[in-house]
1. Take every Cα pair under 8 Å in region 191-235 that's 6+ residues apart, average their separations, divide by the length, and report that relative contact order as a whole percent.
2. Computing the accessible area with a 1.4 Å probe over protein heavy atoms, can you report the carbon and sulfur percentage for region 69-138?
3. Quick check for you: which residues of region 90-119 have the amide N under 18 Å from the point 7 Å beyond the Cα of ALA198 toward its beta carbon?
4. In the neighborhood of ILE167, defined by Cβ-to-Cβ distances under 10 Å, what is the net charge if each Lys or Arg adds +1 and each Asp or Glu adds -1?
5. By its C-alpha gyration tensor, with a ≥ b ≥ c as the square roots of the eigenvalues, how is region 94-236 shaped: rounded for a/c under 1.5, else prolate for a/b larger than b/c, else oblate?
6. Label ALA21 and ASP66 with points 7 Å out from Cα along Cα→Cβ: what is the distance between them in nm?
7. Determine, for each peptide in 5-14, 82-91, the mean count of other beta carbons within 10 angstrom over its residues, then list the peptides with the highest first.
8. Residue by residue through region 198-206, what is 3J(HN,Hα) from phi via Karplus (6.51 cos²θ - 1.76 cosθ + 1.60, θ = phi - 60°)? Round to whole Hz and write x for glycine and proline.
Amino acid sequence: MIHTVAETGSTSADLAARLGAGERVAEGDWLVADRQNAGRGRHGRPWQDASGNFMGSTVVHPGPGDPPPHTLTLATALAAYEAVVPLLPDPRALVIKWPNDLLLGGAKLSGILLEREGDAVVVGIGINLAQAPDLPDRPTVALSDLGPAPDRDAFALALAAAFDREIERWRTFGIEPLIRRWLAVAHPLDTPLKVHDADGVPTSGTFAGLAPDASLLLRLEDGTTRAIHAGDVTLG
(Lines give C-alpha, C1' and ligand atoms only; values in the text may rest on other atoms or scores of the structure.)
Protein backbone atom coordinates (compact mmCIF):
# COMPACT_ATOMS: atom_id res chain seq x y z
CA MET A 1 0.00 0.00 0.00
CA ILE A 2 1.30 3.47 -0.90
CA HIS A 3 0.56 6.38 1.43
CA THR A 4 1.22 9.84 0.01
CA VAL A 5 1.83 13.08 1.93
CA ALA A 6 2.12 16.56 0.48
CA GLU A 7 5.25 17.48 2.45
CA THR A 8 7.41 16.11 5.22
CA GLY A 9 10.95 16.35 6.49
CA SER A 10 12.00 12.83 5.47
CA THR A 11 9.89 9.79 4.68
CA SER A 12 12.60 7.56 6.15
CA ALA A 13 12.73 9.60 9.37
CA ASP A 14 8.94 9.39 9.61
CA LEU A 15 8.96 5.60 9.33
CA ALA A 16 11.89 5.31 11.75
CA ALA A 17 10.00 7.41 14.29
CA ARG A 18 6.95 5.19 13.99
CA LEU A 19 9.07 2.09 14.47
CA GLY A 20 10.87 3.68 17.40
CA ALA A 21 7.52 4.40 19.03
CA GLY A 22 6.64 0.71 18.85
CA GLU A 23 4.35 0.85 15.82
CA ARG A 24 4.42 -2.12 13.47
CA VAL A 25 5.04 -0.83 9.94
CA ALA A 26 4.18 -3.62 7.53
CA GLU A 27 6.43 -4.69 4.69
CA GLY A 28 4.90 -3.53 1.43
CA ASP A 29 3.72 -0.25 2.92
CA TRP A 30 5.34 2.85 1.41
CA LEU A 31 5.36 6.46 2.50
CA VAL A 32 5.80 8.77 -0.51
CA ALA A 33 6.15 12.56 -0.32
CA ASP A 34 5.39 15.22 -2.90
CA ARG A 35 8.10 17.31 -1.25
CA GLN A 36 10.79 16.65 1.38
CA ASN A 37 12.57 19.43 3.24
CA ALA A 38 15.05 17.32 5.21
CA GLY A 39 15.93 14.39 2.98
CA ARG A 40 19.25 12.69 3.71
CA GLY A 41 21.83 10.78 1.70
CA ARG A 42 24.93 8.90 2.75
CA HIS A 43 26.99 10.35 5.63
CA GLY A 44 24.14 12.74 6.46
CA ARG A 45 24.45 14.72 3.25
CA PRO A 46 21.22 16.49 2.27
CA TRP A 47 19.22 14.93 -0.55
CA GLN A 48 17.66 17.72 -2.60
CA ASP A 49 14.04 17.17 -3.50
CA ALA A 50 12.15 18.45 -6.53
CA SER A 51 8.49 18.43 -7.48
CA GLY A 52 7.62 15.47 -9.67
CA ASN A 53 10.49 13.26 -8.46
CA PHE A 54 9.99 10.04 -6.54
CA MET A 55 10.82 10.32 -2.84
CA GLY A 56 9.66 7.43 -0.72
CA SER A 57 10.51 4.89 1.96
CA THR A 58 9.46 1.44 3.08
CA VAL A 59 10.46 -1.10 5.72
CA VAL A 60 11.90 -4.62 5.69
CA HIS A 61 11.78 -6.89 8.73
CA PRO A 62 14.67 -9.37 8.34
CA GLY A 63 14.01 -12.75 9.90
CA PRO A 64 16.30 -15.45 11.35
CA GLY A 65 16.59 -17.35 8.06
CA ASP A 66 17.12 -14.32 5.85
CA PRO A 67 20.42 -13.25 4.26
CA PRO A 68 22.45 -10.60 6.12
CA PRO A 69 20.51 -7.32 6.24
CA HIS A 70 23.32 -5.30 4.62
CA THR A 71 22.76 -7.24 1.38
CA LEU A 72 19.36 -5.57 1.10
CA THR A 73 21.23 -2.67 -0.50
CA LEU A 74 21.87 -4.83 -3.60
CA ALA A 75 18.25 -5.97 -3.73
CA THR A 76 17.07 -2.38 -3.45
CA ALA A 77 19.35 -1.28 -6.27
CA LEU A 78 17.99 -4.05 -8.49
CA ALA A 79 14.41 -3.06 -7.69
CA ALA A 80 15.12 0.55 -8.67
CA TYR A 81 16.88 -0.64 -11.82
CA GLU A 82 13.93 -2.84 -12.81
CA ALA A 83 11.49 0.03 -12.29
CA VAL A 84 13.53 2.49 -14.35
CA VAL A 85 14.82 0.39 -17.25
CA PRO A 86 11.44 -0.03 -19.05
CA LEU A 87 11.24 3.78 -19.29
CA LEU A 88 14.50 4.17 -21.23
CA PRO A 89 15.01 4.31 -24.99
CA ASP A 90 18.37 2.55 -24.51
CA PRO A 91 18.46 0.30 -21.41
CA ARG A 92 22.21 -0.19 -21.88
CA ALA A 93 22.75 3.40 -20.70
CA LEU A 94 21.65 2.44 -17.16
CA VAL A 95 24.12 0.75 -14.80
CA ILE A 96 24.44 0.23 -11.06
CA LYS A 97 27.46 1.58 -9.19
CA TRP A 98 28.36 -0.06 -5.88
CA PRO A 99 26.51 -0.44 -3.75
CA ASN A 100 23.23 1.01 -5.02
CA ASP A 101 23.55 4.13 -7.19
CA LEU A 102 21.84 4.17 -10.58
CA LEU A 103 23.95 5.86 -13.25
CA LEU A 104 22.33 6.91 -16.51
CA GLY A 105 24.89 7.81 -19.15
CA GLY A 106 27.44 8.07 -16.32
CA ALA A 107 25.36 10.60 -14.33
CA LYS A 108 23.64 10.00 -10.99
CA LEU A 109 19.93 9.25 -11.33
CA SER A 110 19.06 8.06 -7.85
CA GLY A 111 19.85 8.06 -4.17
CA ILE A 112 19.25 5.05 -1.93
CA LEU A 113 19.84 4.90 1.82
CA LEU A 114 19.22 1.96 4.16
CA GLU A 115 19.17 2.48 7.94
CA ARG A 116 18.59 0.14 10.86
CA GLU A 117 15.82 0.95 13.32
CA GLY A 118 15.76 -1.75 15.95
CA ASP A 119 15.26 -5.05 14.17
CA ALA A 120 13.88 -3.38 11.04
CA VAL A 121 15.56 -1.79 8.03
CA VAL A 122 14.17 1.48 6.68
CA VAL A 123 14.74 1.76 2.92
CA GLY A 124 14.69 5.26 1.44
CA ILE A 125 14.75 5.81 -2.32
CA GLY A 126 14.91 8.98 -4.40
CA ILE A 127 14.69 8.88 -8.20
CA ASN A 128 15.09 11.93 -10.43
CA LEU A 129 12.00 11.64 -12.58
CA ALA A 130 11.37 15.31 -13.38
CA GLN A 131 14.40 17.28 -12.18
CA ALA A 132 18.03 16.58 -11.32
CA PRO A 133 19.69 18.35 -8.39
CA ASP A 134 22.93 20.24 -8.84
CA LEU A 135 25.69 18.38 -7.00
CA PRO A 136 29.18 19.87 -6.65
CA ASP A 137 31.08 16.60 -7.00
CA ARG A 138 29.28 14.60 -9.70
CA PRO A 139 27.00 14.96 -12.74
CA THR A 140 23.30 14.29 -12.29
CA VAL A 141 20.47 13.42 -14.65
CA ALA A 142 16.67 13.11 -14.64
CA LEU A 143 14.47 10.89 -16.78
CA SER A 144 12.88 14.08 -18.09
CA ASP A 145 16.18 14.80 -19.85
CA LEU A 146 15.29 11.95 -22.22
CA GLY A 147 11.64 12.77 -22.78
CA PRO A 148 8.45 13.51 -20.83
CA ALA A 149 8.85 12.93 -17.09
CA PRO A 150 7.20 9.68 -15.94
CA ASP A 151 4.10 10.01 -13.81
CA ARG A 152 5.23 9.86 -10.18
CA ASP A 153 2.31 7.80 -8.91
CA ALA A 154 2.56 5.24 -11.72
CA PHE A 155 6.29 4.97 -11.07
CA ALA A 156 5.66 4.46 -7.36
CA LEU A 157 3.43 1.48 -8.11
CA ALA A 158 6.01 -0.02 -10.47
CA LEU A 159 8.81 0.45 -7.94
CA ALA A 160 6.78 -1.04 -5.08
CA ALA A 161 6.01 -4.11 -7.21
CA ALA A 162 9.67 -4.49 -8.25
CA PHE A 163 10.80 -4.14 -4.64
CA ASP A 164 8.36 -6.84 -3.49
CA ARG A 165 9.75 -9.20 -6.15
CA GLU A 166 13.36 -8.52 -5.19
CA ILE A 167 12.71 -9.04 -1.48
CA GLU A 168 11.01 -12.36 -2.26
CA ARG A 169 14.02 -13.43 -4.36
CA TRP A 170 16.40 -12.24 -1.64
CA ARG A 171 14.63 -14.40 0.93
CA THR A 172 14.08 -17.41 -1.31
CA PHE A 173 17.38 -17.72 -3.17
CA GLY A 174 19.92 -15.89 -0.98
CA ILE A 175 22.99 -13.84 -1.78
CA GLU A 176 24.74 -15.74 -4.59
CA PRO A 177 22.12 -15.24 -7.33
CA LEU A 178 21.54 -11.70 -6.07
CA ILE A 179 25.21 -10.88 -6.63
CA ARG A 180 25.16 -12.48 -10.10
CA ARG A 181 22.15 -10.43 -11.15
CA TRP A 182 23.66 -7.26 -9.68
CA LEU A 183 26.92 -7.80 -11.58
CA ALA A 184 25.02 -8.35 -14.83
CA VAL A 185 23.73 -4.75 -14.76
CA ALA A 186 26.69 -3.06 -13.04
CA HIS A 187 29.53 -1.21 -14.74
CA PRO A 188 31.97 -3.67 -16.36
CA LEU A 189 34.84 -5.41 -14.64
CA ASP A 190 38.11 -3.44 -14.82
CA THR A 191 36.26 -0.11 -14.72
CA PRO A 192 38.55 2.44 -13.04
CA LEU A 193 37.20 3.38 -9.61
CA LYS A 194 38.12 5.73 -6.80
CA VAL A 195 36.94 4.90 -3.28
CA HIS A 196 36.84 7.58 -0.57
CA ASP A 197 36.82 6.33 3.01
CA ALA A 198 34.96 7.97 5.90
CA ASP A 199 37.74 10.56 6.23
CA GLY A 200 37.66 11.37 2.52
CA VAL A 201 40.96 9.64 1.76
CA PRO A 202 40.84 8.21 -1.80
CA THR A 203 42.08 4.83 -3.01
CA SER A 204 42.25 4.19 -6.75
CA GLY A 205 41.96 0.88 -8.54
CA THR A 206 39.77 -1.09 -10.91
CA PHE A 207 36.53 -2.96 -10.36
CA ALA A 208 37.19 -6.64 -9.67
CA GLY A 209 33.63 -7.72 -8.83
CA LEU A 210 31.95 -8.44 -5.52
CA ALA A 211 33.03 -10.71 -2.68
CA PRO A 212 30.63 -13.41 -1.43
CA ASP A 213 29.56 -11.04 1.36
CA ALA A 214 28.67 -8.34 -1.26
CA SER A 215 31.64 -6.10 -0.47
CA LEU A 216 33.34 -4.33 -3.38
CA LEU A 217 36.55 -5.87 -4.70
CA LEU A 218 39.04 -3.19 -5.76
CA ARG A 219 42.15 -4.26 -7.67
CA LEU A 220 44.99 -1.94 -6.71
CA GLU A 221 47.86 -0.76 -8.89
CA ASP A 222 50.22 -3.34 -7.33
CA GLY A 223 47.93 -6.18 -8.45
CA THR A 224 46.50 -6.97 -5.02
CA THR A 225 42.77 -6.92 -4.35
CA ARG A 226 41.15 -5.11 -1.44
CA ALA A 227 37.64 -5.74 -0.12
CA ILE A 228 35.76 -2.47 0.45
CA HIS A 229 32.95 -2.70 2.99
CA ALA A 230 32.06 1.00 3.10
CA GLY A 231 32.99 4.13 1.19
CA ASP A 232 31.98 6.55 -1.54
CA VAL A 233 32.76 5.21 -5.01
CA THR A 234 33.26 7.31 -8.12
CA LEU A 235 34.08 6.15 -11.63
CA GLY A 236 37.36 7.07 -13.24
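The values are calculated or read from the model by the stated rules, or taken from the named source; none is laboratory data. For clarity, every value in this text was computed on a predicted model and none was experimentally measured. All Cβ positions, even for glycine, are placed from backbone atoms using ideal geometry, and neighbour counts span all protein chains on display. Remember, those area values only see protein heavy atoms, side chains included, never the ligands or the DNA or RNA. Shrake-Rupley method; radii C 1.70, N 1.55, O 1.52, S 1.80 Å.
1. Averaging sequence separation for qualifying contacts and normalising by length gives 39 percent for region 191-235.
2. Working: 1270 of 2480 Å².
About 51 percent, which is the carbon plus sulfur part of the accessible surface.
3. 99, 114-117
4. Numbers: positive: ARG165, ARG169, ARG171; negative: GLU27, ASP66, ASP164, GLU166, GLU168.
Counting the neighbours of ILE167, the net charge comes to -2.
5. Oblate is the answer for region 94-236, as a/c is 1.5 or above yet b/c matches or exceeds a/b.
6. According to this spin-label approximation, the distance is 2.3 nm.
7. Output ranking for 5-14, 82-91: 5-14, 82-91.
8. Here the 3J(HN,Hα) series is 4, 8, x, 6, x, 10, 9, x, 10 Hz.
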